[in-house]
1. Quick one: Karplus J couplings for segment 11-18, per residue in order, coefficients 6.51, -1.76, 1.60, θ = phi - 60°, nearest Hz, x for Gly and Pro?
2. Just tell me the longest site-free run in the chain, where the sites are trypsin sites (Lys or Arg not before Pro) in a DSSP loop having at most 14 other beta-carbon atoms within 10 Å.
3. Pairs of Cα atoms under 8 Å, at least six residues apart: use those to get the relative contact order of the chain, whole percent.
4. THR90 to ASP149: extension gain in nm, 0.36 nm per residue of separation minus the Cα-Cα distance?
5. Just add up the charged neighbours of GLY121: K/R +1, D/E -1, any other residue whose Cβ is under 14 Å from the Cβ of GLY121.
6. Students often get this wrong: which residues of segment 1-42 have the backbone nitrogen under 18 Å from the point 7 angstrom along Cα-to-C-beta of THR56?
7. For ASP113 and ALA164, what is the calculated FRET efficiency with R₀ set at 25 Å and r taken between the beta-carbons, to the nearest 0.05?
8. How many nm is it between the label spots at LYS65 and ALA26, if each spot is 7 Å from the Cα in line with the beta carbon?
Amino acid sequence: MAFELVVIGTSLGGLSALKVLLGGLADPFPLAIAVVQHRHKESGHVMSEYMQQYTTLPVLEAEDKDELLPGHIYLAPADYHLLIEWGYLTLSVDEPVCFARPSIDVLFESAADAYADRAIGIILTGANRDGTNGLARIKACGGLTIVQDPATAETGMMPQAAIATTKVDAILPLPDIAPYLVNLLSRVRS
């Protein structure tokens, strides 16, 4: 199976989790990565600058119609939904989903619709159920699903909800997720 996209969703405790996960991915990384981190709508572009300190991969605040490039990390801007189309990103100001904009469900569902079995969905720490339906959609479309072990999450509610709803492919401690991806992708490309 040839994967082409990784989508990551996180909320409370997510910045710390993203530092570990994204910091464990070396350049060159063969897939595009899109991330929804719940954050205040006034937070501006500081998240991309902050995250860039922890990874060698380029970290970009997503813009409407950005082309999805392998080895690039695209962050959902504050107060915008991030959606995936085949080969590019779109932004939306539609109503919040699960009280969130950006919404993990919106990102994951659009990724499943566009990339089906070529998508990898990852749920990290968080304090709500956002992402649960989207991860289920990725699984239903044949994609790979990974959830942070709730015992290693700063807030386990989001990972627990995902595990309760979807028969996920892997439940991993946070430090093991990046090595799992790297190993998986090296086997697939061999």
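1. 3J(HN,Hα) across segment 11-18, in whole Hz: 9, 4, x, x, 4, 5, 5, 5.
2. Longest stretch, sites excluded: 66-166.
3. Values: 461 pairs, mean separation 43.1, N = 190.
This gives 23 percent for the chain.
4. Details: separation 59, 0.36 × 59 = 21.24 nm, distance 3.05 nm.
Here the segment from THR90 to ASP149 would lengthen by 18.2 nm.
5. Counting the neighbours of GLY121, the net charge comes to -3.
6. Answer for this model: 19-33.
7. Working: r = 23 Å, r/R0 = 0.94.
FRET efficiency, ASP113 to ALA164: 0.60.
8. 3.8 nm
Only the coordinates and a few stated rules stand behind these numbers; no lab work does. Here the structure is a predicted model, which means the values were calculated and not measured. Heads up, the Cβs are rebuilt from the backbone with ideal geometry, glycines too, and the neighbour counts pull from every protein chain shown.
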